[in-house]
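Structure, as structure tokens:
Quick note: the coordinates plus some simple rules give every number you see, no bench work behind them. Values in this document were obtained by computation on a predicted structure and should not be read as measured data. Note: ideal-geometry Cβ built from the backbone for every residue, glycine included; neighbour counts use all protein chains shown.
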Amino acid sequence: MLKLSLNRVGDLFAKIAEAQALYLPVEKAGQVDYDKWTADAKVSMDHLNTAKSAKDLFFPQVERMVDFKMEGKNIEIKPHALSDEKFVLFGVRACDMKSMEVLDKVFLAEPVDSFYAARRMNGTVVTMACSEPEESCFCNVFGVDAAEPAGDVVTWKVDGELYWKALTEKGEALTEQIKALMEDGDEAKVEESKAAVREIMGKLPLANLNLAPFQPEKLNEMFNSPKWAKLSEACLGCGTCTFVCPTCQCYDIRDYDTGHGIQRFRCWDSCMYSDFTMMAHGTNRPDQMQRFRQRFMHKLIYFPSNNDGMYSCVGCGRCVSKCPISMNIAKVIKALGEDKDE
Amino acid sequence: MQRVAEMMLERAKALLADGTVNRVVGWEMGEFFYDLTPAVFTADGLDKFVYNGFSGANLSKYMIKECAKDGKALVFLKPCDTYSFNQLINEHRVDREKVYIIGVECRGMIDIRKIRDMGIKGVTAIREEGEELIIDTIYGEKKCARKDALLEKCLCCKGQEFVVYDELLTTGEAFTVGGNNRFAKVAELEAMTPGERFAFWRNELSKCIRCNACRNVCPACSCLQCVFDNPKSGIASKANADDFEENMFHIIRAFHVAGRCTDCGECSRVCPQGIPLHLLNRKFIKDVNEFYGEFQAGADNTTKYPLTNFTKEDVEPSIVTNRGGEN
């Protein structure tokens, strides 16, 4: 394990950025989101969760896929090149790292999504263990250890030092680049900090959410629960929960008519929207209750049914803190899980 | 506030019991102390009814949906919320006869995000002691001034007048909320050079994720289907493809609600990216006031809207170039 004084973290970023692009939490107009590092960027080392998750770096909100150009009776097809930018993504929390496992299941399964795969291949992820979890955190419910994230490199902030440990080959390669700045770190210090964080995690208000009732065989029962009507009653049908969610992965493919050609792009979609999965016959979820139900059934029943029990929620708490009407997956898990009380 | 909340619950039960209404629209207790959800209650669900410093959500817009149902509904509105409801009456979006309105005293609502932005993490409880908030957190007790944690809309409170109601629940005690000049920031932006102003708005609007929370919560945005959601409109879009769209979505929306926006502040309250959208609306309100005389949307049911009512004194379109400034 290596370490570096947090006072010198700017040197570390500069060194990393010499060899490839560096993305990390940056404050802009009062909001912290992942952005490209520059010497004058306002890097935020203390922020727990960025407003948007780390998924943007692999699955951006908008992405051009292919252009079509029409001339007379000919159509020229020009696919967009895959991203070849080598980059390091620094400061990813354990929950967001777990979300990449979820996204990998979707985008790296056959047929592989080449846009996503290219970014995953070109990206090296440096995670950061949490030191001050929020009351809205519940990653432990999904088997995530906030004190010990996965990633190519994992880092811990302890007593003014940044501790650094490579976990993969990619991580080793990055460590080689920056090794000269580092000194040997004492593992015992990190262990102490891990134990403290785990203790906090265990005491958080949402730490004991019970996922046991959310099993594939309960699909019909859950789907037909009368509770959805009440849970979705105040839903505004906005896309906040889906767009800040690190695991929501639905997108729409659209054509933009330039007048002399077509630009085909994909952009994030939200199951909360009225025209989500609109087909020739119309929409198959005409009211908000059905759209709302789709989001949570997908995360808690459909996705795990198709992916060896992996839930597509990682407990980051963004929907808990961002939903305009404060309706979120924690409330849904509690409400539906309590059916036995009736 | 606790006293008002108790009176509200009592009145809700009584009005349900005597059949005046068949349901109650209010705020439901959440998992924490701050995450209240708007909800429709019947008698047996009222144990979760709550009214406290986190009842910031404006319930007026929900009444469009409620008015389509059978029977009369009771709704609790804070003074500023009544302007939104009145405006919805003026736009024929709600049926006054199907709503029983109880106006409830409000001393300003707290914004949990402002508390988080102060660097206060892991909040588990808040109690008010005079003008101070005592905040329990996982990491120990913290304090802040109540006024520093108020929602933006409350800092520029419209006052304690209710413009539409059937009955009122107030304590009769004297208090003041807000007091800020709501046009101060707008004037500051107006005083900038076009380049500085553009930079300010680019910085803010580039954060937009196009979640549409601002539009969907807005009582003035009550179209059955928004043109941006209609795949047949040719301009439907689910994402900002470029910075032009990031800018224009919000500016166009501000134009659409100009002269109808009551400045309820819900757009800024719900924005997950903390964009000060209310400033766009306030710019329009300030201009309307300057061009056509003081006007408050939703204040009454008789005043004609300045933007749909021609008078000979109206400014000429050339005002745009006269005031546009250099760039």
ask   = What size of dipole, in debye to the nearest 20, comes out for region A:216-341 about its Cα centre when the only charges are +1 on Lys and Arg C-beta atoms and -1 on Asp and Glu C-beta atoms?
value = 300 debye
remark   = In units of 2.2 N^0.38 Å, the Cα radius of gyration of region B:181-327 is 1.09
inquiry  = I'd like the Kirkwood hydrodynamic radius of region A:2-203, using the inverse of the mean 1/r over distinct C-alpha pairs, in Å.
reply    = 18.3 Å
Highest average packing first - A:185-197, A:263-275, Cβ atoms within 10 Å = A:263-275, A:185-197
message = I'd like the FRET efficiency for A:ALA81 and A:LEU6, computed as 1/(1 + (r/R0)^6) with the beta carbon distance as r and R0 of 41 Å, rounded to 0.05.
response = 0.60
note = Evaluated at 25 °C and 0.890 mPa s, the Stokes-Einstein D of chain B based on the Kirkwood radius over Cα pairs, in µm²/s, stands at 115 µm²/s
query = For region A:216-341, what's the radius of gyration and Dmax over Cα atoms, in angstrom?
reply = 16.1, 62
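Using the structure shown, select from A:LYS42/A:LYS165; B:LYS185/B:LYS312; A:LYS230/B:LYS147; A:LYS322/B:LYS143; A:LYS86/A:LYS322; A:LYS170/A:LYS194 the pairs with a Cα to Cα distance greater than 28 angstrom.
Pairs exceeding 28 Å: B:LYS185/B:LYS312; A:LYS230/B:LYS147; A:LYS86/A:LYS322.
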key: Euclidean distance of C-alpha centroids, region B:182-252 and region A:216-255, integer Å   = 25 Å
query = Looking at the protein assembly as shown, what % of its DSSP beta bridges pair antiparallel, to the nearest 5?
reply = 75 percent
ask   = Under a plain spin-label model, where a point goes 7 Å from the Cα along Cα-to-Cβ, how far apart in nm are B:ALA43 and B:PHE255?
value = 5.3 nm
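So what is the relative contact order for region A:185-312, in percent, with contacts set as C-alpha pairs under 8 Å and at least six apart?
22 percent
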ask   = According to a simple spin-label model (label point 7 Å from Cα along Cα-to-Cβ), what is the distance in nm between B:GLU131 and B:SER206?
value = 3.9 nm
request  = Run down the aspartates and glutamates and flag those whose C-alpha is under 13 Å from the C-alpha of B:LYS69, throwing out any fewer than 8 positions away in its chain.
outcome  = B:ASP95, B:GLU97
query = Which of the aspartates and glutamates could a cross-linker bridge to A:LYS78, judged by Cα under 12 Å and excluding same-chain residues fewer than eight apart?
reply = A:ASP67
remark   = Relative contact order of region B:248-327 (C-alpha contacts under 8 Å, at least 6 apart) in percent is 29 percent
query = For the protein assembly as shown, taking Cα atoms only, what is the radius of gyration to one decimal and the Dmax to the nearest whole Å?
reply = 26.0, 81
task = Distance check, please: which entries in A:LYS3/A:LYS55; A:LYS28/A:LYS157; A:LYS98/B:LYS153; A:LYS218/A:LYS334 exceed 26 angstrom between their Cα atoms?
result = A:LYS3/A:LYS55; A:LYS98/B:LYS153
request  = Any chance you could list the semi-axes, whole Å, largest first, of the equivalent ellipsoid that the Cα gyration tensor gives for chain A, using √(5λ)?
outcome  = 34, 30, 16
message = Sort A:133-145, B:218-230 by packing, meaning the average of other beta carbons within 10 Å per residue, with the highest value first.
response = A:133-145, B:218-230
